[in-house]
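Here the structure is laid out as C-alpha cells; the discussion comes afterwards.
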Amino acid sequence: MTFEPGNLGGARLDLSAVYREAEFAARILVRGTAAAPEITLTSDPPLPQDEVLARVMFGRGIGRLSALEAIQLAQALRSLTEGEEGLLDTARDRLGLDVLSLTPGGPGAEPLRVEAGRYLRDDLYVGLRQGGAGAGPATSRAIIEWTVLPTVVLESEGGGAGESLFGIRWELDY
C-alpha cells in the first residue's frame, strides 16, 4: 500500500487474502485506491461470487444458510458491489451505537443473539446482549470490557438472575 501524506483516500491498495477448507479455496483481491477499492472473489473450484462469499463468511454454501445468514450475505454482496451500507450499518449509525450485531445460533444453542453497545472511551466498552428464547427462557446480559493494557482486556457480564461472569482476555495482533 502506498499513499501521499494527508491523502489516505488516494492510497493504492494491492491486497490478497486466501481462505481454505477441505476441498475449497477462495482468494479475495482488493485493488485500486482506498477511496474506491475494487474487490474480486475467486475460488477453486470456480463458483459464483455469492457462493464464494457464503463459504468465506459462514463456512458453508448458500443452500445451507439460515434466513438471517442469507440476509447478512445479501447485505455484504450489496456493500461489495454497490458500496452501500447494509441495514445493520444504517441502524447502528442512527442509534449512535458502535456495535449492533445479530448472530444466529447453532444446533443446541440459542437461535439468535442480538448485541448492542458503545465505546465510552477508546478502552471501555459497555453493551447489552439478548439471547433468543429457544429451549429455555431468553437471556439478557450487561457487558463491560475494559482494555487495561494493549494486550489485556478485563471482561464482565451480568444477567438478570443475579449471575455474573468475570474474565481476563489476552490478545496478540500479528
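Would you mind stating whether SER79 is modelled with pLDDT under 70 and either closer than 30 Å to ILE28 by Cβ or assigned to a loop (DSSP other than H, G, I, E, B) (or both)? Outline the logic, then answer.
Values: modelled with pLDDT under 70: yes; either closer than 30 Å to ILE28 by Cβ or assigned to a loop (DSSP other than H, G, I, E, B) (or both): yes.
Criteria met by SER79.
Can you tell me which residues in the range 21-40 are touching a strand residue (DSSP E or B) at 6+ places or on another chain (Cβ under 8 Å) and at pLDDT below 80? Residues satisfying the conditions are ILE28, LEU29, VAL30, ARG31, GLY32, THR33, ALA34, ALA35, PRO37, GLU38, ILE39, THR40.
Pairing residues of the range 155-174 that are among the polar types (S, T, N, Q) with residues that are loosely packed, with under 11 Cβ neighbours inside 10 Å, at Cβ distances under 6 Å and at least 6 apart in sequence or on separate chains, gives SER156/PHE166.
If you check PHE3, PHE58 for being surrounded by 12 or more Cβ atoms within 10 Å (Cβ to Cβ), modelled with pLDDT under 70 and of a type in the set (Phe, Trp, Tyr), only one passes: PHE3.
The values are calculated or read from the model by the stated rules, or taken from the named source; none is laboratory data. Note that this is a predicted model, so its numbers are computed, not measured. Cβ coordinates were reconstructed from backbone atoms using ideal geometry, including for glycine residues, and neighbour counts include every protein chain displayed.
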